[in-house]
2 protein chains.
Amino acid sequence: MVDDRIDGHLDVLKDLYPHTGRGWIVGVTGNPGAGKSTLTDRLITLWRNEQKRVAVVAVDPTSPYSGGAILGDRIRMQRHFDDPGVFIRSVATRGALGGLSRSAVDIVRVLDAWGADVVIVETVGVGQDELEVTRMAHSTVVVAAPGMGDDVQAAKAGILECADVFGVNKADREGVDATVRDLELMIALGRKMIDSRGAQQRLADEHGAAAQPTTPCGGAGDEWVPPVVRCIATRNEGISQLAECLVAHRQWLTASRVGAARVQQRLGDQIRNQMRDALLDAATRDIGPLIDGAVASVASRQIDPYSACEQLVAAFRRPGR
Amino acid sequence: MVDDRIDGHLDVLKDLYPHTGRGWIVGVTGNPGAGKSTLTDRLITLWRNEQKRVAVVAVDPTSPYSGGAILGDRIRMQRHFDDPGVFIRSVATRGALGGLSRSAVDIVRVLDAWGADVVIVETVGVGQDELEVTRMAHSTVVVAAPGMGDDVQAAKAGILECADVFGVNKADREGVDATVRDLELMIALGRKMIDSRGAQQRLADEHGAAAQPTTPCGGAGDEWVPPVVRCIATRNEGISQLAECLVAHRQWLTASRVGAARVQQRLGDQIRNQMRDALLDAATRDIGPLIDGAVASVASRQIDPYSACEQLVAAFRRPGR
């Protein structure tokens, strides 16, 4: 019902909302092949051992949770499918206009209301979809792996915005030191840019400093510095350290001024995004034929799309249509 | 100016619009490491040899065109930077709410108006951003490479929606036959699903048929079947075949009923998306303080976000505020 967005789904979501807000929403993202699913599997086991109720929302089409993985992964995950304390839900609406993020956000809220202590949201990449989903996560781990070449670069543009913890998986592979160093350099540069005290000399200083390992769990006064944690998910190594960093991040969010501001900021972004969709829904409902007419006019080049949009927005707001 | 979206940029875009519509917009997408940039480089050279004016919009953060690549790539691309018949523009606004696709779409229109015969739009992945950008492309090539494991799977969800031609690059590598077979199977299954005549038996028949190579250039009556083209971009092998398929696709778009319907469909999606952004812009301008107030109310859990959005939409439409 929440998926289908049929009439009445909004009432369900409104009624559920007062029951949300208790769960800890953890984002797991990164490119295909980094080992996100195995890492998620380990985190589930770890939190289940602490008697937590765990929900997984798989937006990643390569994830075994969403049905996109090879047989071996599926078998490995089977135990969680059988565990009544684990709720797994895949989201397969990728492709629709705004469809993915909207239903993912709603499903996370439903799982939160269900009583999940932790809701893990697994996404792939750093596109708009992922940013939208990680925007609702309290704490997000970006999973990287050595030897994936362009991956860190690919992620660069959006990675600092959404990464609270970096997990460098497959840490027994060649090139792991380079991957860790790249990430630490990126974090250092990003902080410099955010600080905007970035004179060339300072940047150069920071390059040197970046070679040193970051603090174990990210806290640096009021500021959060994403820690870089090495792990080997297949052998369950480094997973508890990763989980500790995530817990530390959650504490930072509630305990620090900057953390509280970030929560507020992300909520604002979320509501603006939700409002954007609600506005288009209302416009489609009320002036659907006008929109179709405008598309035809733009197609026949009688009007440019910018003017057409302005006229549609004005028509939507005009009383007494 | 178009990037910055400052006041007056809309007027520029409106004035430019009558000069657009002549250029052929070609999307190049695929995961990092598939060799998109080298392939783009070869396509530029090929079309420059035909005296075409070529523009490149690089949305891909790993692309040397957008400044994200290693030194070797940069040097290889240098010749195009020096060619006055090539216009290269990177888009680096990834991360903003709707920011990436909006400015990319506008920049493509500007380059079209500049007089580009071909506008190549290079994007990475298959997220919402990429769908939005490929939605405005006339013909899109999805670049895959053997031995990248999950890549085809990762792309699956959105790939059939945006792929007009598949380029299997690095075709001298081990595993190329498997990659081609996977793609052909996916195309066959996708067509079956679209046809919705998909009884189990028919699906099984199609599996067998998928092992045979697809037609060289995609045309199958009125329907377009994405051809799978092997190439080795570093050696300039298979590039002219790929370009031929893209040209055939362009002809199909204008000559066939289904093609014309697709153009119309994509334009409609584009305008709806543009309208969604325009509505939020107008709302932010007119009821900004109300939105901020709603965010604060949701943050303090006095109201749920769904009801808050409904109230904001109603407030936006109320006359005489």
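The values are calculated or read from the model by the stated rules, or taken from the named source; none is laboratory data. Source: prediction; values computed, not measured. For neighbour counting, all protein chains shown are included, and Cβ atoms are generated from backbone atoms with ideal geometry for every residue, glycine included. Each accessible area value is taken on the protein alone, full model and side chains, heavy atoms only, with ligands, DNA and RNA left out. Shrake-Rupley method; radii C 1.70, N 1.55, O 1.52, S 1.80 Å.
Quick check on the range A:99-118. Is at least one of its residues of a type in the set (D, E, K, R), at pLDDT below 70 and within 29 Å of A:Val228 (Cβ to Cβ)? Within the range A:99-118, not a single residue is of a type in the set (D, E, K, R), at pLDDT below 70 and within 29 Å of A:Val228 (Cβ to Cβ).
Filter the range B:164-190 for residues that are open to solvent by less than 20 Å² (accessible area, probe 1.4 Å) and assigned to a loop (DSSP other than H, G, I, E, B) and give the result. B:Asp164, B:Asn169 - these are the residues of the range B:164-190 that are open to solvent by less than 20 Å² (accessible area, probe 1.4 Å) and assigned to a loop (DSSP other than H, G, I, E, B).
A count restricted to the range B:20-45 and to residues that are surrounded by fewer than 24 Cβ atoms within 10 Å (Cβ to Cβ) and modelled with pLDDT under 85 stands at 1.
Condition check ((1) under 21 Å from the mean Cα position of the chain (by Cα); (2) over 30 Å from B:Pro146 (Cα atoms); (3) at pLDDT below 90) across all residues:
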{"residue": "B:Glu206", "(1), (2), (3)": "no, no, yes"}
{"residue": "B:Pro216", "(1), (2), (3)": "no, no, yes"}
{"residue": "B:Arg235", "(1), (2), (3)": "no, no, no"}
{"residue": "B:Val313", "(1), (2), (3)": "no, yes, no"}
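Residues that are in contact with a Leu (Cβ under 8 Å, 6 or more places away or on another chain), open to solvent by 10 Å² or more (accessible area, probe 1.4 Å) and at pLDDT 70 or above within the range A:134-156 comprise A:His138, A:Ala144, listed in sequence order.
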